[in-house]
Amino acid sequence: MPKYCFPLLLLVVCFSSLNAQQDWQSRPWDAFWINCPDAPATEFGVVHFRRSFDLEQVPEELPVMVSADNRYQLYVNGTWIGEGPCRGDLLHWRYETFELAPYLRTGKNVIAAVVWNFGIDRPWAQQSLRTAFLLQPQLEDFAFLQTDDQWLSYHNPAYHPITDSRERLGTYIVVGPQLEVDGKLYPWGWESTDSYDDSDWPAAQTITRANPTGTGTEFYWNLVPRQLPPLERRELEAPLIVAHGVNNVAEADWQQQDFSPPKEQFGSRLIPAHSAQHFLLDYGHLTNAFFELELSGGKGSTIEVYYAESLVGADGLKGQRDATAGKEILGIYDRFLVGEGVSMERSIDQSAREEDLREYQTQTFSTLWFRTARFVELRIRTSDEPLYLQDWRTTEVSYPFEERASFQAPTDPDLTDIWNIGWRTARLCAQDTYVDCPYYEQLQYVGDTRIQALISLYVSGDDRLMRKAIEAYDQSRVSDGLTMSRYPTQNGQIIPPYSLYWVEMVGDYWWHRPDQAFVKNRLAGVRAVLDWFEPYLLENGLLGPMPYWNFVDWTPQWPWDPELRIGGVPQLEGGSSIISLQYLGALRTAIQLHEHFGETYHANRYRAIAERLATAVSGYCWDEQRGLLRDVAENDQAFSQHANILGLLEGVVPPEQGEAVLRKILEAEDITQASFYFRFYLMQLFFELERGELYYPQLNAWRALVEQGFSTFPETPDPATRSDCHAWSASPNYDLLATLAGIRPDAAGYTSVLVQPARVSSLSYTAETVHPEGMIRVVCQANRENRFTYTVNLPTGVSGRFRWQGENHPLQPGENKFDF
């Protein structure tokens, strides 16, 4: 399998001008979607395509538009160019535009691509029609390169799916199959011009001409241009070997080997014939990466590569994440079978020189899509021939977020660790969509995405992934008005409360970005969502039982029901305060949006519903004896942080009870507790009540994760942790800036800034975040007498207010200083 080519300057994606994009979007293309005639249309298959051509002179430019189903990697003259398509749905199927001219040469050239379709086992985030590849040159002089029956194709028999991960691991894992790659059957050198003979490849089979969305008479893949930059790739340092086992018997039992931890970096290795070796590697932190084995010799060897977020102890628990003693790896794996290559003419022993070993033909094994791991284990068994592992390369991939913001507290260095771990979590959960977790699902859920998007805005200022997510959910809406809870996906799922949080996402974007047209185009979707809920209001005015999965949070009190096959759902019979309050919040966001755009009829209609809803929650769910909101009307046994967090946020708790309710939220242990996910809304409550100092102790939960050796933040705390990297737990990268430093928009479009810092004794810090017009910087200097000095720098042309203990002070562009 070919190597990736670096440096990153070679990964050039050329985004055409607006006029060019409009031209290619207005009419059908001449290029055909193609497949290999002997490859399956919808089942598992890996297909290679080649188009050779001669050039007397290298052109100054050669832009081409490329797409595939399911996915592809593109090469020119053996050089890796890029990959795609950026995930979407069949009505919004992305294509990438690449500039090929820098990779061409006079004489013979070849454009090559590998396309894979994982069939029924494809990732659940992946939609599909059938296996297909598409390439359309933009210049008429190179129209002959468009995909048609002049392209050659090859159905690669080397790949086989291994589909036991869900059963073997006993968990929900939907990221696609594990792979077996048989080197004896692999067409080595297929992407190059000089060393590969494609004379026996059949001509490609044409399927249909390509149609941009809105053109043609039928739906196939409705093409739209990619909205996002290419994923960033960077080489990682070699990992440390934390365990090594050797046995000279090919049938070695891996559990009985002699382990010794040399703690050295993993590099080139000679594995003798008729032996078995085992290497357990630690990268020191979780990563999404392509792990590549470059080797020679070793005909008949078997190499299995296991990937895991963390190791598991004898008790079946993960425990301390950076501990390895007495633990084993349990995870997904791939299997590589070493082919013949060039037969060895002499034996290889430990004294052989590396330059001698490199004379033999190399084979490079990897996977088609990245794997997620902190720990990797190689299990190598050789046959009659020694195997030389020449190189082990690790290429990390992620969305190219730039870390522009920062939070530094010299008096509390733990916050630096929390910041760094949180940012790594957010980055690993961002690819060509946001994802909830990279190891198990890679699905874009609204509940996670809302938090991820705010982190993106505050830390990087890049709103492109957020825009794509908001638009994707809007496009996912079913006929009755609700959005999908996760999208894109091949397996539909609806969580009505997540549709409400999609409305809140539209509001978040409206507050943080001066993009009026984008927000206005979402209003019809907002109305469709809100109008779905109204018929489910009970006679008492509350939302009761509703269709679909009414997930609120993962808590022990709302466990998984194996019969109903749902979990995380509070009581709904008689009327739910929690979901009613989520509806109330979305209604109030919709009122603001519609008033802003002059839609007074809809604003007034939603205001009337909101007033009735607020009255119903306070009237039927307030428990005078307990001094808390009940989860459901007239049930004095069900109480939660969730209901009371939302009740205070939406102002339905009696004002004189507000402080007492807040205290009970924080202290009462007999009410249902919020998870890492729902604590995000607790932090927003602290800000709304101007009690930001209460956020600081909440960080103890994240401090505990740092002490436990996590390199990313998990879905839930131990012992219930499944995912060690879950987007919603990265919320400190937002709240350190937005709640502790208190930096938030004070008007739609971030045209005005509010700085409302928390008053935390002896905590000095410097916080910087991204504004559309530049950077906002807040420096807090706390002294021993509980006095504070604040220096606030705003971008040119941006003003706002500084709020301290209920009083407002004007903020002007440039430097502002306050002593309290």
State the answer as a single residue: which of 642, 205, 53 lies farthest towards the positive end of the charge dipole of the chain, with beta carbon charges of +1 for Lys and Arg and -1 for Asp and Glu, about the Cα centre.
642
Taking protein heavy atoms only, a 1.4 Å probe, and rounding to whole percent, the accessible area of segment 690-779 owed to carbon and sulfur comes out at 49 percent
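For segment 392-471, what % of the accessible area comes from carbon and sulfur atoms, probe 1.4 Å?
Details: 690 of 1830 Å².
Within segment 392-471, the accessible surface is 38 percent carbon and sulfur.
Distances longer than 26 Å among the Cα atoms of segment 630-775: what percent of all pairs is that?
So the pairs more than 26 Å apart make up 34 percent of the total in segment 630-775.
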0 to 90° range, to nearest 10: angle between helix 496-512 axis and the chain longest Cα axis:
90 degrees
What does the charge dipole of segment 38-97 about its Cα centre add up to, to the nearest 20 debye, if the Cβ of each Lys and Arg holds +1 and the Cβ of each Asp and Glu holds -1?
200 debye
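Please give the peptides 170-182, 226-238 ranked by average Cβ packing (other Cβ atoms within 10 Å per residue), highest first, as a rough proxy for protection.
Descending packing order for the listed peptides: 170-182, 226-238.
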Any chance you could check the Cα centroid distance between segment 124-192 and segment 651-725 for me, in angstrom?
44 Å
Output needed: percent of Cα pairs per 10 Å distance bin for segment 447-492, bins running from 0 to the one holding the longest distance.
27, 48, 21, 4
Tell me the mean residue ellipticity at 222 nm calculated for the chain from its helices only (DSSP H runs of n ≥ 4, each -39500 (n - 2.57), averaged over every residue, nearest 500).
-6500 deg cm²/dmol
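Below 15 angstrom from the Cβ of residue 622, what's the summed charge of the other residues (Lys, Arg +1; Asp, Glu -1)?
On the way: positive: 626, 630, 664; negative: 623, 624, 631, 634, 636, 650, 656.
Once positives and negatives cancel, what remains is -4.
Evaluate E = 1/(1 + (r/R0)^6) for residue 785 and residue 416, where r is the Cβ-Cβ distance and R0 equals 35 Å; express this FRET efficiency to the nearest 0.05.
On the way: r = 26 Å, r/R0 = 0.75.
The formula returns an efficiency of 0.85 here.
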Would you mind checking which residues have amide H under 5 Å from residue 71's amide H? H placed 1.01 Å from N; only 5 or more apart, or other chain.
116
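Over the alpha-carbon set of segment 483-536, divide Rg by the Kirkwood Rh and report the Rg/Rh ratio to two decimals.
Numbers: Rg = 12.2 Å, Rh = 12.1 Å.
Rg divided by Rh gives 1.01.
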Provide, for q = 0.16 Å⁻¹, the log10 of I(q)/I(0) from a solvent-free Debye sum over equal Cα point scatterers in segment 16-141.
-0.83
With every protein chain present, what is the per residue accessible area of segment 69-197 (1.4 Å probe, Å²)?
32 Å²
From the phi of every residue in segment 318-329, what ³J(HN,Hα) in whole Hz does the Karplus formula 6.51 cos²θ - 1.76 cosθ + 1.60 yield, where θ is phi - 60° and glycine or proline is x?
7, x, 5, 6, 9, 8, 10, 5, x, 10, 9, 8
Debye intensity ratio in log₁₀ form over the Cα atoms of segment 188-246, taken at each q of 0.14, 0.20, 0.23, 0.29 Å⁻¹
-0.89, -0.95, -0.98, -1.16
For segment 455-544, accessible area per residue (1.4 Å probe, heavy atoms of protein chains only), Å²
29 Å²
Share of Cα-Cα pairs in segment 401-457 beyond 20 Å, in percent?
30 percent
Using the Kirkwood formula over every pair of different C-alpha atoms, what hydrodynamic radius in Å results for segment 477-600?
15.4 Å
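Over segment 559-711, average the accessible area per residue using a 1.4 Å probe and give it in Å², no decimals.
On the way: 6450 Å² over 153 residues.
Roughly 42 Å² per residue, with all protein chains present.
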Local charge sum around residue 173 (other residues, Cβ-Cβ under 9 Å, Lys/Arg +1, Asp/Glu -1)?
0
May I ask for the angle, rounded to the nearest 10°, between helix 658-667 and the longest principal axis of the chain, with both axes built from Cα atoms and the value confined to 0 to 90°?
40 degrees
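Extension gain residue 669-residue 516, at 0.36 nm per residue separation less the Cα-Cα distance, in nm?
Details: separation 153, 0.36 × 153 = 55.08 nm, distance 4.47 nm.
Full extension of this stretch gives 50.6 nm more.
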Any lysines whose Cα falls less than 17 Å from that of residue 327, other than same-chain ones fewer than 8 residues away, would be 263, 318
In terms of Cα to Cα distance under 19 Å, which aspartates and glutamates are near enough to residue 664, apart from those fewer than 8 places away along the same chain?
623, 624, 631, 636, 650, 656, 688, 690, 693
GluC sites (Glu not before Pro) lying in DSSP loop within segment 586-641, provided at most 12 other Cβ fall within 10 Å:
624, 634
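Percent of accessible area on segment 85-160 owned by carbon and sulfur, 1.4 Å probe?
Details: 1240 of 2380 Å².
Roughly 52 percent of what the probe reaches on segment 85-160 is carbon or sulfur.
If Lys and Arg each add +1 and Asp and Glu each add -1, what is the summed charge of the other residues whose beta carbon sits under 11 Å from the beta carbon of residue 481?
Values: positive: 477, 527; negative: 480, 531, 534.
After counting each charged neighbour, the total is -1.
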How large is ³J(HN,Hα) for each residue in segment 648-654, as worked out from phi by the Karplus curve 6.51 cos²θ - 1.76 cosθ + 1.60 (θ = phi - 60°), to whole Hz, x for Gly and Pro?
6, 4, 8, x, 9, 7, x
Any lysines whose Cα falls less than 23 Å from that of residue 299, other than same-chain ones fewer than 8 residues away, would be 3, 184
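The values are calculated or read from the model by the stated rules, or taken from the named source; none is laboratory data. This structure is a prediction, so every number in the text was calculated from the model and none was measured. Note: ideal-geometry Cβ built from the backbone for every residue, glycine included; neighbour counts use all protein chains shown. For the accessible areas, the whole protein counts, side chains as well, though only heavy atoms, and no ligand, DNA or RNA atoms are used. Shrake-Rupley method; radii C 1.70, N 1.55, O 1.52, S 1.80 Å.
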